[in-house]
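Undergrad: One structure is given below, represented as structure tokens, and several questions about it will come after.
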Amino acid sequence: MFYDLGSALAGVTTPALAIVAFTALVRLLMHPLSRAAVRGEKARAALAPEVRALQEKYGKDPRVLQQKSVELYRENGTSMFAGCLPALVQAPFFMVMYRLVSTPNPLLDGTVFGTSLGAHWFGVFEHHAVFLTLFAVLTAVAFATSRWQAALAARTGGPQPPFAKVLRLLPFGTVVVAAVLPLAAGIYLLTTTTWTLLERACLHRAIRLPSRAGTSARARTR
């Protein structure tokens, strides 16, 4: 299947551009899921002050805290796991893309500035510049993503240390992966991570949740 898909893409345009275009097409098809995930993130951010108030009030009784938290999310039409399901649904699509850029097929016969898309960093000593440029751009995107995630965690009352530190380091895993997989995989990672960063930034600005003044008043009277 991946051989046939690679052949089809390689026959349409240049292989590197085909990887970028196909990745963008897949991410565009998954846009409704990304929109749902961001809506869930914003809903959790809006409820974060009330969740912290519940933690201060019922922190010594985990069972009651869990019950009150679930009630709070339910009253506002969301849940503490809002946004997680869309991310899980996207996993099979990412697996398809990963297999496409790591399984031998005609798409990997293409080159980028003389470097084969099927080449690995450790085996292409004469074309280090292509890989080093890729790593530099991936690092820049990972840094921006890490800062974005840290800011989001602060607004939503997300993971606390030491998990928060791990979360900030996760985006840089793309650089490590790109160093051990074919160049084609690095191009895919750069395309999809850049798309994610820009898409989330745009959606967080575009999506507006309804006012919760009435709900907040009820929460303060609990």
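What follows is calculated from the coordinates using simple rules that are stated; it is not laboratory data. Everything numeric in this text was worked out from a predicted model, so none of it was measured. Cβ placement follows ideal geometry from the backbone for every residue including glycine, while neighbour counts extend to all protein chains displayed.
Undergrad: Listing ILE207, ILE187, ILE19 from the residue with the fewest other Cβ atoms within 10 Å to the one with the most, what is the order?
TA: Values: ILE207 13, ILE187 21, ILE19 30.
Sorted ascending by nearby Cβ count, the order is ILE207, ILE187, ILE19.
Undergrad: A further question on this structure: In nm, give the distance between the simple-model label positions of ALA53 and LEU28, each being 7 Å from the Cα along the Cα-to-Cβ direction.
TA: Output for this residue pair reads 4.5 nm.
Undergrad: Tell me, what HN-Hα J-couplings in whole Hz come from the Karplus equation 6.51 cos²θ - 1.76 cosθ + 1.60 at θ = phi - 60° for each residue of region 58-75, using x for Gly and Pro?
TA: Along region 58-75, the couplings run 10, x, 7, 10, x, 5, 5, 4, 4, 5, 5, 5, 4, 4, 4, 5, 5, 4 Hz.
Undergrad: Would you mind calculating the gained length between ARG155 and ALA8 on full extension (0.36 nm times residue separation, minus the Cα-Cα distance), in nm to one decimal?
TA: Working: separation 147, 0.36 × 147 = 52.92 nm, distance 4.46 nm.
Net length gain for the segment: 48.5 nm.
Undergrad: Which ordering of LEU100, LEU28 is given by a fewest-first count of other beta-carbon atoms within 10 Å?
TA: Working: LEU100 25, LEU28 11.
The fewest-first ordering by Cβ neighbours comes to LEU28, LEU100.
Undergrad: Using the 10 angstrom Cβ neighbour count as an exposure proxy, how do TYR98, TYR188 rank, fewest first? Working shown, then result.
TA: On the way: TYR98 15, TYR188 24.
Ranking TYR98, TYR188 by Cβ neighbours within 10 Å, fewest first, gives TYR98, TYR188.
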